[in-house]
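Heads up, the thing below is written out as structure tokens.
No lab work stands behind these numbers, since they all come straight from the coordinates. As the structure is a computational prediction, the values presented were derived from the model and not from experiment. For neighbour counting, all protein chains shown are included, and Cβ atoms are generated from backbone atoms with ideal geometry for every residue, glycine included.
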Amino acid sequence: MLLVAGCAAYSGAGLVPGVATEADVEKAMGPPADRRKRGDETVRFYSRLPAGREMYAARFGPDGKLIAIEQRLSREYAGQLVLRESTEENVRDLLGPPYRTLAFPRQKRYVWLYPAHEGATRFTLNVEFGADGRLVDVQWFDDVDPD
């Protein structure tokens, strides 16, 4: 029974929008990996990377009450990124902090890596930026287990 309760809290299941507070969410999900302000909302990111391959965004209104909890490492959210327009700040606001970053100084580019999944399919989302901090590419790479 405790295992089931632990799994439910892992994603914030059972937390009621409009009722749960930031303290309730932190008690259930642990400390956030990042906290962002978007307009009058506060978004707290709860990382389950790399093994869990999930990044939950708990959104709170100005009253400190939970609006929603969303799993952000999906094609739906990555599809909101706009090449040559989205910035590091936009990506971080949408997807949360990356699991890992890679720099390519000769190309004057760098990549943020986000391990993710869709059902049983595991992949890594690569978000690539140019020297100006603007998005230049978004790629999905299937993770293949070597045999």
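So here's what we get for this one:
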{"quantity": "Karplus (6.51, -1.76, 1.60) ³J(HN,Hα), θ = phi - 60°, over the range 124-141, in Hz, Gly and Pro reported as x", "calculated": "10, 8, 9, 10, 9, 10, x, 4, 7, x, 9, 5, 10, 6, 10, 9, 10, 10"}
{"quantity": "Under 13 Å, Cβ to Cβ, from residue 23 - net charge with Lys/Arg +1 and Asp/Glu -1", "calculated": "0"}
{"quantity": "For the chain, Kirkwood radius (reciprocal of mean inverse C-alpha pair distance, Å)", "calculated": "16.3 Å"}
{"quantity": "Ordering of 91-99, 46-54, 32-40 by packing [mean C-beta count within 10 Å, highest first]", "calculated": "91-99, 46-54, 32-40"}
{"quantity": "GluC sites (Glu not before Pro) restricted to DSSP loop in the range 73-146 with at most 11 other C-beta within 10 Å", "calculated": "85"}
{"quantity": "Check: the chain dipole with +1 on Lys, Arg Cβ and -1 on Asp, Glu Cβ, in debye", "calculated": "320 debye"}
{"quantity": "Distance in nm between pseudo-label sites at residue 35 and residue 143 (7 Å out along the Cβ direction from Cα)", "calculated": "2.9 nm"}
